[in-house]
Amino acid sequence: MLGMIASMEAHGAPTELDLSKPEVNWWYTPTMEQHPYVLPDPTLPLTKPTDHAHDWNTDGKANVEKVVTLLADHGMTMSVANMTKPDIGMPVVKVVVPGIRHFWPRFAPGRLYEVPVKMGWRDTALTELELNPTPIFW
C-alpha cells in the first residue's frame, strides 16, 4: 500500500475515477451483497478470540516446531536459511514452504481449490475463473 501512496504523491491523485477499469471499480463500488464471502457464516455462532485454542508462547523455538508439525501434518516441509549478517546484529531467516501459494494470483492446481472443499466450506471446487474475477493488480 505504501508503494501506491508514494506513486500517487509523485504523479498526483486522479481527479476522475475511471470505473471502467476493473480494479478501480472493485475499490469503489462493491457491496456486501456482491461479495458475501467477506461476511461471517450466519450458520455458525459468534466467537471471541478466547474461544479458540491458543497454544503459542514466547518461546520462538517451540513456535517454529509447532509450525513445522502443522506443515508436516498436511504433507508439507519447511526450508529455512539463516540470512543473518554478523555486522547487523539482528537474526534474519528466509523461510520457504513449497506448495504454499503466494498472495499474488497463482492458480495452479492444488490446495487453493481443494482446501475449501475438504473443510466443508464448499461442495465443489471453484474454477479458476470463479476464484477471483477481479484479481488485485500487484
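The values are calculated or read from the model by the stated rules, or taken from the named source; none is laboratory data. In this text, all values refer to a predicted model and were calculated from it rather than measured experimentally. Note that we place each Cβ from the backbone using ideal geometry, even for glycine, and neighbour counts take in every protein chain shown.
Here is how the numbers come out for the structure above:
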{"item": "Flag if Pro30 is part of a loop (DSSP other than H, G, I, E, B), within 23 Å of the chain's Cα centre (by Cα) and modelled with pLDDT of 85 or more", "result": "yes"}
{"item": "Residues located in region 33-78, provided they are of a type in the set (Asp, Glu), part of a loop (DSSP other than H, G, I, E, B) and more than 28 Å from Pro98 (Cα to Cα)", "result": "Glu33, Asp41"}
{"item": "Any pair with Cβ under 6 angstrom, 6 or more apart, that starts in region 75-88 at a residue that is among the small types (Gly, Ala, Ser) and ends at one that is surrounded by 10 or more Cβ atoms within 10 Å (Cβ to Cβ)", "result": "Ser79/Val96"}
{"item": "Subset tally (residues that are surrounded by fewer than 10 Cβ atoms within 10 Å (Cβ to Cβ) and under 19 Å from Val92 (Cα atoms)) for region 51-67", "result": "3"}
{"item": "Residues of region 81-120 classified as part of a loop (DSSP other than H, G, I, E, B), touching a strand residue (DSSP E or B) at 6+ places or on another chain (Cβ under 8 Å) and either of a type in the set (Val, Ile, Thr) or at positive phi (or both), total", "result": "3"}
{"item": "Within region 110-129, considering residues that are within 23 Å of Pro30 (Cα to Cα) and exposed (fewer than 10 other Cβ atoms within 10 Å of the Cβ), the one modelled with the highest pLDDT", "result": "Thr127"}
